[in-house]
Amino acid sequence: MMPVVALLRQSTSPPFARRELAALPVSICKALVVALAAVGMVAAPAACAHPAMLNPLGAVRYLAEQRAGFGSAAHAAALAARADAHAQTLRRTSTSSSSPIGTALTTSAPTSPSFSGSWTALGPTPLSASFYGGPNSGRVDSTAVVQSGPNTGEIFIGTAGGGVWSSTDDGKTWVTHTDQASSGLAIGALAIDPGEPKTIYAGTGEANNCGDCFYGGGVLKSTDGGETWTVENPGGIFSGVDFASLAVDPNTPETVYAATTKGFYISKNGGESWAHPGGAGNFTGPTWGLAIDPATSPSTVYTATSGIGVQKSEDGGESFSTLGGGLPSGEHFGVTTLGIGAKTATHEHGDETLYAAVQLQGTTDSNGGDLSMFKSTDGGTKWTQLSIPAYTNPAYAYEGKAQGAEGDQAWYDNALAVDPADPEHVLAAGMALTESTDGGSSWSNVNGGGFFVVSTNVLHPDFHALAFATASGDGVAEGEALIGCDGGVYAYDPAKPEAAGVSDLNKAGSGLDTGQLYEDLGVYNDGEKILGGLQDNGTA
């Protein structure tokens with residue numbers, strides 16, 4: 001067997017640099033887990049099934065020591081154990097931190113930050129990368145657009161390591177107000193109250209299954225448009241939990257839904273308290289997809305859970321039934337995202353159109369990739385499998401080929417959004433961003449072709465977030481989409497053909513200092529020169 005470090009190095013070869021157990025074949029993964037378990041970095045029995053159990057602090061410290069050649073493996077393991085012990089004081093992984101089904105809601109006690117001293121941001125501000133079409137910032141995991149009120153069009157993004165940022169001038173300048181948040185700056189999900197857009201929720205902890213994904217410490221809530229925030233984490237219920245999606249119920253704005261790595265939660269008092277629903281359904285498995293239909297009363301709620309499938313609630317999220325009608329069986333469901341149309345005067349039944357992008361477990365799609373897409377036009381009763389390009393796969397994303405190959409990343413980047421003005425207009429993204437204007441019958445590559453295959457790339461690969469704007473304002477315009485990926489944030493105007501519609505919102509000097517630095521910096525001459533490696537964006 002190859003040394004542990006050699007295996008990890010092999011699995012992180014560019015351009016798919018991930019410290020991720022799920023990316024490895026199962027046989028290699030199990031061998032690696034045995035070695036890592038020996039130094040206390042993973043829980044051996046389940047690490048291959050749940051790669052997020054790889055402790056990022058312990059793993060990074062271990063690898064850093066091994067690469068630097070300091071000491072023995074035992075010494076490196078001791079350092080890893082110390083890092084892990086420190087991490088566990090922040091992360092609560094026991095089942096006691098999750099409320100069982102039917103448990104009474106508990107109230108939270110907002111915490112106050114306890115930082116001292118004075119800090120100044122050094123960057124890096126967005127860096128020019130000609131091979132990715134322009135400046136890039138750090139990974140963006142969630143996007144949201146203010147759809148009403150005086151700040152209509154303001155755009156919000158949740159970043160992998162820099163908290164929540166907003167812009168009112170289409171990305172020319174950015175501001176953040178979460179630097180003092182005591183619950184962590186890894187933002188997995190955002191939601192804006194559509195009736196009161198100054199109320200914003202941000203779920204900490206990014207649910208991307210990656211080794212450099214940091215866990216969360218609760219839900220951040222702002223009632224003044226992002227100026228100030230409180231932490232909602234009653235009883236530590238969300239300590240160590242990652243957020244995949246958040247949604248505010250337009251019919252009852254005090255009701256907030258959360259899809260997390262520890263299941264589906266509901267709050268009925270604006271985030272002060274949370275619990276799993278008390279009715280029928282499965283609410284404790286890793287939940288990724290979340291869709292709301294406010295045209296019904298109460299709102300119809302859809303969720304997607306690993307090992308279970310798509311579930312539907314017609315009583316506002318109290319009880320759920322598992323859908324079939326053409327969907328894969330539950331054991332084939334991995335990371336799954338959902339998209340739903342909207343009921344409009346033009347599309348009277350638009351809210352009955354649903355899309356599910358399913359990471360397949362134990363099987364593959366006919367395109368050779370690990371992801372299949374299904375569509376329903378009757379509210380989830382019957383589903384049809386769509387023919388899609390393998391957009392979560394390097395063969396399509398980097399070589400422009402139709403067929404898939406090894407290295408599929410449906411477990412890492414899987415985003416989906418339906419245009420609220422037209423249920424037949426869909427954006428679906430993984431390694432590449434694709435678009436359909438005919439309900440999934442045909443698809444185009446928004447980049448204009450595979451990365452490094454077309455003459456000019458306009459996007460950075462690896463997408464995690466998509467959001468359409470329904471009204472024009474000071475940020476993106478009505479009908480445009482906001483895109484989050486490993487290179488930061490972009491806007492897309494579907495009225496322009498493919499690549500011509502893309503705008504890079506990672507403006508140099510904009511203040512978006514979110515370049516995601518891996519652990520450790522090289523510092524020379526008391527800071528005269530600083531060197532750091534960035535996630536998916538080279539060296540700065």
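Here, each number is a calculation from the coordinates, and none is a lab measurement. None of these values were measured; they are calculated from a predicted model. Here Cβ is always computed from backbone atoms with ideal geometry, including for glycine, and neighbour counts include all displayed protein chains.
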Output ³J(HN,Hα) for the range 234-251: one whole-Hz value per residue in order, computed from phi by the Karplus curve 6.51 cos²θ - 1.76 cosθ + 1.60 with θ = phi - 60°, and x for Gly and Pro. x, x, x, 4, 10, 5, x, 9, 10, 9, 9, 7, 10, 8, 9, 6, x, 7
Packing rank of 365-378, 479-492, where each peptide gets the mean count of other beta carbons within 10 Å, highest leading: 479-492, 365-378
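When you count, for each residue, the other Cβ atoms within 10 Å and take the mean per peptide, how do 431-442, 328-339 rank with the highest first?
Working: 431-442: 19.2, 328-339: 21.2.
Packing proxy ranking, top to bottom: 328-339, 431-442.
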If packing is taken as the average number of other Cβ atoms within 10 Å across a peptide's residues, how do 194-202, 154-162, 521-529 rank, most packed first? 154-162, 194-202, 521-529
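Can you check what the net charge comes to around PRO253, using other residues whose Cβ is under 13 Å from the Cβ of PRO253 (Lys, Arg +1; Asp, Glu -1)? Write down the numbers at each step before the final one.
On the way: positive: LYS198, LYS221, LYS268; negative: ASP193, GLU196, ASP249, GLU254.
The answer is -1.
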What is the set of long-range amide H partners of ALA189 at a cut-off below 5 Å, with H atoms built 1.01 Å from backbone N? GLY203
If you average the alpha carbon positions of the range 462-509 and of the range 340-377, how far apart do those two centres end up, in angstrom? 22
Return the aspartates and glutamates within reach of LYS401: Cα separation strictly under 16 angstrom, same-chain partners fewer than 8 residues apart disregarded; answer none if there are no such residues. ASP365, ASP370
For the range 221-313, averaging the sequence separation of alpha carbon pairs under 8 Å that lie six or more residues apart and dividing by its residue count, the contact order in percent is 20
So, relative contact order of the range 363-458 in percent, Cα under 8 Å, 6 or more apart, is 22
